[in-house]
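Since the structure comes first, as structure tokens, the remarks are kept for the end.
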Amino acid sequence: MVLRIRAAIVAVLLVAAIGGLPGLVPGAHAAERPVTVATYDVEPFVITEGNVKYGFTIDLLDEIAKRAGWRYTYVDSGNVPGLLRAVQEGRADLGASNISITAERERTFDFSQPIIAAGLQTIVPASSAQRAEPGLVDFLKVLFSKTMLVWLLAALALTVLPAHIIWVLERGNAESMVDRSYFPGIFQAFGWGLGMLAAAPFDPPLRWPIRVVTIIWTFVSIIFVAYYTAILTTNFTVSTITSQISTPADLIGKKVCTVADTTSSAYLNKLGAPFTGAAQIEDCYDGLGKGDFQAVVYDAPVLQYYLTHGGAGVAVPAGAVFKDEDYGLVFPAGSQLREAADSALLSMQEDGQYELLKKKWFGGPQ
């Protein structure tokens, strides 16, 4: 009996030594758990080349897989709505790319702890930010704008009216500055009216009623010229800064592009700024380069990566990051995978691996 017990112990130890009983020796692992991940391409979070995926989110998922014992199968969802549908309908165990955590989404999904702090930002064409001092073309555009044309018509009326008053009352005087005949008398009076508008009449009228009119019209002319100058200056100044966008409020009235059905499109709707909703952020980049759009609004980390890579020299940031957001991994409500993902993310932060990944893709703390 004793011999049999000893033999059994020896057999168990031999099996354990060669790894036949997982869990009896350090380093032995159970089979990896298959996890389906819905994602879509957006630099620098997810990038696909052939059958290979890489990017900040992919590196993060790979590190989580090592710590949680997962094995991934990726499903391309195309965009944010497609990713959320895949998770909600059970076609994916989780969704990952640059998904913002919002109160509305949390009513339907579970989110991991934040994987990166983000927010929205605006970029504009580099040419608009590097605009030189306004030139003759800018001046002519303002001078012949609808507002200025109305004022020019008013100036014409202010010269035609006194011209007829002067001609009617002054034509009977032999020493008058105007001829008795309508032509050329009206032109002479008209010239006097232009002089009054400029506060510099050619000759004073001879009759006292016309002198009273002259005094009144002098004040009218001075006020009119002052108003005209002020409006012309204001409109000219405004025309030189209409292309400048530094705050979200400046987006109203501009040609703006963003990705449809995202937090950026929801923000623009709430702001009351009309926009073009593109399927992919690359469509906005193309339109900005072609001059179709005056601004692009989207997630700050995505735009900042674009500005330092393909968008260098094409676009520049306009203002600071606004509407702070956090990205997270999205799970179906009640998913048991979220706890394992959060545990892995916390351990990555503790051992410094998380900071290394951020520096790799963003060059420093975000």
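Here, each number is a calculation from the coordinates, and none is a lab measurement. Since this is a predicted model, take the numbers as computed values, not measurements. Backbone-built Cβ (ideal geometry, glycine too); neighbour counts: all protein chains shown.
Structure values in brief
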item	result
Förster radius 56 Å - calculated FRET efficiency between residue 270 and residue 156 (Cβ-Cβ, nearest 0.05)	0.75
Quotient of Cα Rg and 2.2 N^0.38 Å for segment 263-354, N being how many residues it contains	1.41
Contour minus Cα-Cα distance for residue 316 and residue 108 (0.36 nm per residue)	71.2 nm
Extension reserve of the residue 62-residue 333 stretch, reckoned as 0.36 nm per residue once the Cα distance is removed	95.3 nm
Simple spin-label estimate for residue 85 and residue 182 in nanometres, 7 Å along Cα-Cβ	7.6 nm
Sequence-distant residues sharing a close amide H with residue 35 (under 5 Å, placed H)	71, 72, 73
Distance in nm between pseudo-label sites at residue 343 and residue 309 (7 Å out along the Cβ direction from Cα)	3.4 nm
Packing-based ranking, highest mean first, of 180-191, 285-296, 253-264 given that Cβ atoms within 10 Å are counted	253-264, 285-296, 180-191
Residue 351-residue 280 FRET efficiency (beta carbon distance; Förster radius 25 Å; 0.05 resolution)	0.10
Cα-Cα over 29 Å, subset of 254/360; 53/255; 254/359; 255/358; 255/323	254/360; 53/255; 254/359; 255/358
Residues residue 127 and residue 326, FRET efficiency given R0 of 35 Å [Cβ-Cβ distance, rounded to 0.05]	0.55
Mean Cβ neighbour count within 10 Å, used as a protection proxy, ranking 56-64, 104-112 highest first	56-64, 104-112
